[in-house]
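Where a number appears in this text, it was derived from the coordinates with a stated rule and is not lab data. For clarity, every value in this text was computed on a predicted model and none was experimentally measured. Don't worry about glycine lacking a Cβ; one is built from the backbone with ideal geometry, like all the others, and counts go over all protein chains shown.
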Amino acid sequence: MGLLRNSLCVLALSLLAASAGNAATLLEPTLHLKPQAPEGGGRVALTLDACGGKTDTRILSALVDNRISATIFVTGIWLKRNAAAVEIMRAHPDLFELENHGGRHIPAVDTPRKIYGISSAGSPDAVQAEVESGAAALASAGGPAPKWFRGATAEYSPSAIAMIRKLGFKIAGFSVNGDGGSLLGAKETARRIGAAKDGDVIIAHINQPTHAAGEGVVQGLLALKQKGMTFVRLDDADGIGNDGTTD
Ligand SMILES: [Zn+2]
């Protein structure tokens, strides 16, 4: 019995080691803007994910009212259910760039596993379908073809990164996690976003109107604007990503 228990323990440990090894192969790439001349007030790129669900109009209105530019990563699911918000974004092409967050918000990881409780695409074909269906949804919504992709959870297997690059997309990492997946409080979200520096790429969410984080997103952005920070979209700046995501 003792022997059995021991070998079960060894088995459990090796399974643990295998899954830890597996986990280590997932990448969460960073993205920065090329540093600007020191005399400027600095510039940041605001990226907002629209994973599914609804639209946080607190954020959308603040962006329009304060003329803050943003790159919005939309899924096919979100596009279908948020026509009014899409219309507002399309009406301000100088402010909003819409990019590809996948067709169904499935992590671009080509082996089966769970990331933050979401099942990965699980195969190369499924990663490709997620990327291409996201682009197709944007095309059928009548906008310019997307050039950037950000997968659900912003984590990738290295082979998925190579495939997405081959499909013609740059991969949008980030350098400031503004809202912790929209789960942070307003105060902490405002603090993180307000602390962004020249060259940072901020990630937050625009699809959780009931979360306190959205209020913090607005406060943080207004603080940055007050400091003289310029907001650029990903297409307006040379983003430099690691892990082979942009080069
Ligand atoms: Zn998402």
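The table below lists the values:
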item	result
Farthest toward positive dipole pole in region 29-144 [+1 Lys/Arg, -1 Asp/Glu at C-beta], among 76, 117, 32	117
Summed residue charge, Cβ within 10 Å of residue 214's Cβ, Lys/Arg positive, Asp/Glu negative	-2
Hull volume in cubic angstrom per residue (convex hull over the Cα atoms of the chain)	140
Gaussian network model of the chain, Cα within-10 Å springs - most flexible of 175, 120, 61	61
In degrees, nearest ten, helix 2-24 long axis to first principal axis of the chain (Cα)	30
Distance violations [Cα-Cα > 19 Å] among 54/227; 187/225; 54/225	54/227; 54/225
Phi-based couplings in Hz for region 47-56 (Karplus 6.51, -1.76, 1.60; Gly and Pro marked x)	10, 10, 8, 10, 6, x, x, 10, 10, 7
Neighbour-count ranking [beta-carbon atoms within 10 angstrom, fewest first] of 236, 56, 179	236, 56, 179
Share, in percent, of DSSP beta bridges within region 49-141 that are antiparallel, nearest 5	20
Candidates 199, 76, 168: whichever shows maximal mean-square fluctuation once the chain is modelled as a Gaussian network with Cα springs under 10 Å	168
Sequence-separation-based contact order of the chain, relative, with Cα cut under 8 Å and 6+ spacing, percent	29
Local electrostatic count, residue 152, Cβ distance below 14 Å [Lys/Arg +1, Asp/Glu -1]	-2
For the chain, share of DSSP beta bridges that run antiparallel, in % to the nearest 5	25
Average Cα contact separation per residue, region 38-141, under 8 Å, 6 or more apart, as relative contact order %	24
Residue of 79, 138, 184 that the Gaussian network model of the chain assigns the largest fluctuation, springs spanning Cα pairs under 10 Å	184
Semi-axis lengths, Å, region 21-97, gyration tensor of Cα atoms, sqrt of 5 times eigenvalues	25, 23, 9
